[in-house]
Every structure is written in structure tokens, then in C-alpha cells.
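Report on one structure; see the data block that follows.
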Amino acid sequence: MRLVLLGAPGSGKGTQATRLREHLQVPHISTGDLLRAAVAAGTELGMKAKVVMASGNLVSDDIVLGMLEERLLKPDTANGFILDGYPRNLAQANALEKLLEKIRQPVDVAVQLDVNTDLLVERIAGRAKAEGRADDTPEAVRHRLNVYNESTAPVVDFYRNHGSLVHVDGVGGLDDVFNRIIAAISHTHDVG
Ligand code: AMP
């Protein structure tokens with residue numbers, strides 16, 4: 001199962017991806033996590049990404065694509081993957097399509113988690129307290145939501161046009177949302 005998880009910051013992608021990983025037995029690949037690991041390791045790439053991430057802007061397409069390609073080429077993706085946080089704009093959506101064509105692993109389904117803006121802001125504020133992420137300051141959050149609306153929202157249309165989009169109501173308990181996702185992707189193969 002090759003699944004792309006879409007949704008605004010705070011929509012619950014990371015949480016649901018963790019559950020989906022267990023259920024589908026495929027790796028969860030989060031470009032945000034890969035970038036945070038590079039920042040923590042103090043690599044050259046991480047140093048470049050750090051300031052951009054703290055401001056709530058997108059890291060350059062080239063950097064993220066290179067990192068993602070390296071990750072997707074690892075053998076544990078043979079049975080699929082859950083992609084979280086990528087693609088973030090149309091250029092990335094096109095780049096991903098090309099890359100997956102090259103490795104003959106096209107996307108099976110894109111799941112859009114729908115959550116209204118008030119709840120997004122509330123959830124991110126909760127996460128800021130719990131995790132203390134550098135980009136969870138009120139100013140950076142507002143900016144990330146703007147970046148999402150301007151750059152990332154069109155990616156939903158991209159997958160709708162490709163016929164692989166399903167919408168899931170992301171409001172409710174974790175189990176409820178998880179069960180909705182499973183029901184929504186049950187028309188694709190290998191759901192278990
Ligand atoms: P996330 O954990 O997915 O919310 O990502 C946190 C931050 O990492 C984002 O605000 C961006 O600065 C950066 N980032 C994550 N994924 C991408 C991506 N696909 N393209 C560009 N920047 C990204």
C-alpha cells in the first residue's frame with residue numbers, strides 16, 4: 001500500500017500515520033521528521049533547513065526531494081509506505097509522481113484529513129506545550145497555515161484529478177478518525 005497523507009498542520013497526520021504504519025506494516029516517512037533529524041544531527045543540510053523551518057516556511061524543493069529519494073530507495077519500502085508532509089506544493093507533487101514512476105511504485109491513494117482552522121490552531125497550541133517544537137510559536141503557526149492554504153491546498157486537487165483522492169473527517173477521537181481512514185481506503189488493496 002502506497003499512501004499519501006494530506007492535511008494542514010495540526011490535522012493529525014503524524015498521529016494517524018503512526019497507527020497506519022502498525023496496521024499496514026509499511027514504513028511511515030515524514031519529511032518533517034527527516035528534516036528535524038538532520039537539524040538535530042547538525043548536518044550541513046540540517047543547518048540550512050533549521051532557520052527556514054523555525055520561520056514556518058518550506059525548505060527548498062531540491063533539498064527535500066533529495067532526502068526523500070534517498071529514503072524511498074531503502075529496501076523497507078518494497079511493500080509500500082505512508083508519506084506524511086510530502087508533497088507540500090504542486091512542484092513536489094509532480095516530482096514525486098516522476099520519482100515513483102521511475103521506481104515503479106505509483107501512489108495507490110491520497111487521504112485528505114479535513115479539520116477546521118479553529119481546531120487546527122487549538123491542537124497546535126496543545127502540541128507546542130507538550131513538545132516545544134521551534135515552529136509551534138503563534139507567529140510561525142499562523143504562517144504555516146498560510147503557506148498550507150497557498151501552496152499545499154492545491155495538491156489536494158492534484159490527487160483529485162488523478163482519481164486517487166479520498167476525504168476523511170479528521171475531527172473526533174483518534175480511534176474514530178483511524179477507523180474512518182481504514183474504511184475510506186478499503187477499496188484499495190492490501191488494507192488488511
Ligand atoms: P511537518 O512536520 O510536516 O509539519 O514539517 C515541519 C516543517 O518542515 C515545515 O514547516 C517545513 O519547514 C519543513 N518541511 C516538511 N516537509 C516539507 C516539504 N515536503 N517541503 C518543504 N518543507 C518541508
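The values are calculated or read from the model by the stated rules, or taken from the named source; none is laboratory data. Since the model is a prediction, treat every value here as computed from it, not as a measurement. Positions of Cβ are generated from backbone atoms using ideal geometry, with glycine treated the same way; all protein chains shown enter the neighbour counts. Calculation scope for accessible area: heavy atoms of the full protein, side chains included, ligands and nucleic acids excluded. Shrake-Rupley method; radii C 1.70, N 1.55, O 1.52, S 1.80 Å.
Distance between the pseudo-spin-label points of Arg142 and Asp33 (7 Å out from Cα toward the beta carbon): 3.2 nm.
Using a simple spin-label model with pseudo-atoms 7 Å out from Cα toward Cβ, Ala78 and Ser186 lie 3.0 nm apart. What the phi angles of the range 104-112 give under the Karplus curve with 6.51, -1.76 and 1.60, with θ = phi - 60°, is a coupling list of 6, 9, x, 5, 7, 7, 10, 10, 9 Hz, glycine and proline written as x. The residues of the range 2-188 expose, per residue, 50 Å² of accessible area to a 1.4 Å probe. Once the gyration tensor of the Cα atoms in the range 2-188 is diagonalised, the equivalent ellipsoid follows with semi-axes of 23, 21, 16 Å, ordered largest first.
The calculated FRET efficiency for Ala91 paired with Ala40, based on their beta-carbon distance and R0 = 22 Å, is about 0.25.
Assuming a ≥ b ≥ c are the square roots of the Cα gyration tensor eigenvalues, decide whether the range 125-192 counts as rounded (a/c under 1.5), prolate (otherwise, with a/b larger than b/c) or oblate. Oblate, because a/c is 1.5 or more while a/b does not exceed b/c.
Less than 29 Å apart at the alpha-carbon level, and either on another chain or at least 8 residues along: which lysines does that give for Lys102? The reachable lysines, counting only those whose Cα sits under 29 Å from Lys102, are Lys13, Lys48, Lys74.
Net charge dipole, the chain: roughly 240 debye, given to the nearest 20, about the Cα centre with Cβ charges of +1 for Lys and Arg and -1 for Asp and Glu. Using the Cβ-Cβ distance between Glu131 and Lys48 with R0 = 25 Å, the FRET efficiency computed as 1/(1 + (r/R0)^6) comes to roughly 0.65.
Of the peptides 99-105, 86-92, the ranking by mean beta-carbon count within 10 Å, highest at the top, reads 86-92, 99-105.
For the chain, which whole-number percentage of the solvent-accessible area (1.4 Å probe, protein heavy atoms only) is attributable to carbon and sulfur atoms? The C+S portion of the solvent-accessible surface of the chain is 52 percent. Its DSSP H runs of at least 4 residues, each contributing -39,500 (n - 2.57), put the calculated 222 nm mean residue ellipticity of the chain at -17000 deg cm²/dmol, to the nearest 500. Principal semi-axes of the equivalent ellipsoid, √(5λ) from the alpha carbon gyration tensor of the range 77-192, are 26, 19, 13 Å from largest down. Taking 0.36 nm per residue of separation and subtracting the Cα-Cα distance, full extension of the segment from Arg21 to Asn179 would add 55.5 nm.
Counting only the backbone N, which residues of the range 107-137 are under 17 Å from the spot 7 Å out from the Cα of Asn149 toward its beta-carbon? Of the residues in the range 107-137, 114-124 have backbone N under 17 Å from the label point off Asn149. Compute the separation of the alpha-carbon centres of the range 7-35 and the range 76-112 and state it in Å as a whole number. Computed from Cα coordinates, the inter-centre distance equals 14 Å.
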